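Chemist: The structure's right below; bear with me while I get my questions together.
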Amino acid sequence: MKKTMLPIILLLTFAILLTACAKTPHTPAGSLATNGTTMPSTSNVTNENENSAPPLTAEQKLLLSRKEELSSAMTENTKDHKVLYCGDSNNPTLADGEKAIWVQELFKAYPNSTDKAEASIKAVYVYYPMHDDPSQFTDAQLKSMGAMRVFAYLGIPDGATAQNKVNGIVCTHGGSGQAYAKYCLEAVRHGFAAIAFDTEGCYATSGSEAKANLVDTLGHKGKDKFTTARDEITKQWMYYVISDCAFMNTVLRSLDCVDENKVGITGISWGGLAVTVASCYDSRLAFCVPVYLSYFTSSQTNTGKFGASSYNAGFNKFAADLWQDAATLEGSRVPTLIINSQKDTFADISSSSRTYNTLKKNNPHAYLLIKPNLVHGQKQGASPAEIYRFGKWVCSGYSNENSFFTLDKEIDKSLGRSYEVKVTVPSNIKNVTAYIYYTTSALSYDSSFALEQQFYPTALTQNGAVTTDANGNSVYTFTANVPSNAYLYFISFRGDSPYDASLPITYDDAFKGKVYWSTDVVVLENGGINYCLYKVYVNE
């Protein structure tokens, strides 16, 4: 009897456990947890031995509502909608209520060019998902319908076909710019199908860049610097930009000559912030490379030009919890390379370092590159070879020949002030050198937004000859002697690379033919990198 009942008892116990697990609340990656805190539960279930959770405040309810709006909208926007071309007689008939992204070809960006890369680039309108072909209606009719469109440049590398698919990349410009054909062109020359879109409703009627004085009546709103954070999500600029990112991703994924699983994204300055946020909601992205800005701009140590535009009446704790919530970033698994400079006053390395350290908690492919003396600008932010090399590395399955630098240890203050570090690089990267860049105090900025500290470069000594590992990689060994007066530092590695040295020049890039890598910032003294400012908000 006991032997007969035992399996039944075990099954009943297992069923009870399953039921209990099913009732256990789950906190999603995009929850309202911020800086280690969690929104109070709305559950009415209480433990008789515990006090019930306090009720939500009006502010918390509003934030929860906005987060739910955002999550729901981006779930819809990141679907692989059909992509149809205006006026194409071969378009399929959409079912009742079905919507598609519509692409309307406009003109060639370089109509007289014999360069194959330039000749491939054309201007397009990308219409937000709608049922009917927008070319059937006038702009006035489309406006009354609530239709919306985005101007962009689209380019395809020579030789890309359905049998010879290429990687893709979405290019997102900075805050003072518009859509640039050259941004698209740079990516095409690196072998990517690319789309460079406008984020503020500007467009062009000819040529290679949108015009700020040409504002599309069907374009979405311009940058609002987070002053609308409490408004409905569809009234906020950041929502539209990350939606644009998702739709442009869908357009590239739909092309026969593009591998739909190998489309990534990059962005410059405000675009860097936008693509980082977008990667938290669009898991289809193969990789993400924010340049300069990335995340946590509300916690920057400076009050510089970008800092001033985020430190305003609208960018308070509510805006930070909505758009720069740490838990949301921790939910991203998109391979990400954050690129910044050690003295960028628009986006200091404090915010970049925090973004990196938050992202890498759950993301095994989060990386940070502090590129010495990288100037903040559109052409400078579009041209680093590391953007495109990283994309190819990820899309190749992290193959050896496309890789960067691999260190033999994590560089942190536990190593002390004197240690050896080995760096492994593909054999096609030559003449690797290493420098320590250090300051003697924590980062701070003056009233002119200039960094008050000097980063002092000190060369690392190479020990012995370059060796070769079992995979054919080159191995360099350096001795790091950290100066006794250093407060914080990072190590920068540079090597000569054939990766982009032979490409035609799109932008005047001082780093052409060089590939960089770096460690994170190492803080030797107490106090972090002004991390105490991470909870400072204006007009809270």
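The values are calculated or read from the model by the stated rules, or taken from the named source; none is laboratory data. Just so it is clear, the model here is predicted, and its values are computed rather than measured. As a convention, Cβ positions derive from the backbone with ideal geometry for all residues, glycine included, and neighbour counts pool all protein chains shown. Keep in mind that these areas ignore ligands, DNA and RNA; they rest on the heavy atoms of the full protein, side chains included. Shrake-Rupley method; radii C 1.70, N 1.55, O 1.52, S 1.80 Å.
Chemist: Could you let me know the centre-to-centre spacing of region 169-196 and region 384-437, using Cα atoms, in angstrom?
Modeler: The two parts, judged by their Cα centres, are 26 Å apart.
Chemist: If we sort 177-185, 283-291 on the protection proxy, mean other Cβ atoms within 10 Å, highest first, what's the order?
Modeler: On the way: 177-185: 26.3, 283-291: 24.4.
By packing density, highest mean first, the sequence is 177-185, 283-291.
Chemist: Enumerate the amide H contacts of residue 287 below 5 Å, restricted to partners 5 or more residues apart or on another chain; note that Pro and chain-start residues carry no placed amide H.
Modeler: HN-HN under 5 Å from residue 287: 264, 265.
Chemist: Before anything else, pin down the relative contact order of region 80-144: Cα pairs under 8 Å, at least 6 apart, normalised by residue count, whole percent.
Modeler: Details: 92 pairs, mean separation 21.5, N = 65.
About 33 percent, as a whole number.
Chemist: Follow-up question, since we're still on this one. Give me the accessible area per residue for region 98-155, probe 1.4 Å, as a whole number in Å².
Modeler: That works out to 46 Å² for each residue.
Chemist: With each label point set 7 Å from Cα along the Cα-Cβ vector, what nm distance links residue 119 and residue 357?
Modeler: 5.3
Chemist: First compute the accessible area of region 117-175 with a 1.4 Å probe, then give the percent of it belonging to carbon and sulfur atoms.
Modeler: On the way: 1110 of 2250 Å².
Summing carbon and sulfur atoms, their accessible area is 50 percent of the total for region 117-175.
Chemist: Okay, next question. Using a 1.4 angstrom probe on heavy atoms only, work out the carbon and sulfur share of the accessible area of region 356-480 in %.
Modeler: Exposed carbon and sulfur together represent 47 percent of the surface.
Chemist: Please list, in order along region 111-118, the HN-Hα scalar couplings obtained from phi with the Karplus expression 6.51 cos²θ - 1.76 cosθ + 1.60 (θ = phi - 60°), rounded to whole Hz, x for Gly and Pro.
Modeler: x, 10, 7, 9, 6, 5, 5, 5
Chemist: Which of the pairs 61/343; 262/514; 108/371; 99/165; 67/108; 211/235 have their Cα atoms more than 30 Å apart in this structure?
Modeler: Result: 61/343; 108/371; 67/108 exceed 30 Å.
Chemist: In whole Hz, with x marking every Gly and Pro, tabulate ³J(HN,Hα) for region 121-132 from phi via Karplus 6.51 cos²θ - 1.76 cosθ + 1.60, θ = phi - 60°.
Modeler: Along region 121-132, the couplings run 8, 10, 7, 9, 9, 10, 8, 4, x, 8, 7, 9 Hz.
Chemist: Between residue 508 and residue 90, what is 0.36 nm times their sequence separation minus the Cα-Cα distance? Round to one decimal in nm.
Modeler: Details: separation 418, 0.36 × 418 = 150.48 nm, distance 4.27 nm.
Result for the pair: 146.2 nm of gain on full extension.
Chemist: Something else: Rounded to the nearest percent, how much of the accessible area of region 240-286 (1.4 Å probe, protein heavy atoms only) is carbon and sulfur?
Modeler: Carbon and sulfur together cover 35 percent of it.
Chemist: Separate question: If each residue of separation counts as 0.36 nm, what is the full-extension length gain between residue 459 and residue 418 once their alpha-carbon separation is subtracted?
Modeler: Working: separation 41, 0.36 × 41 = 14.76 nm, distance 1.35 nm.
The residue 459-residue 418 span can extend by a further 13.4 nm.
Chemist: Next up: Provide the FRET efficiency to the nearest 0.05 for the residue 230-residue 410 pair, computing r from the beta carbons and using R0 = 41 Å.
Modeler: Details: r = 41 Å, r/R0 = 1.00.
That gives a FRET efficiency of 0.50.
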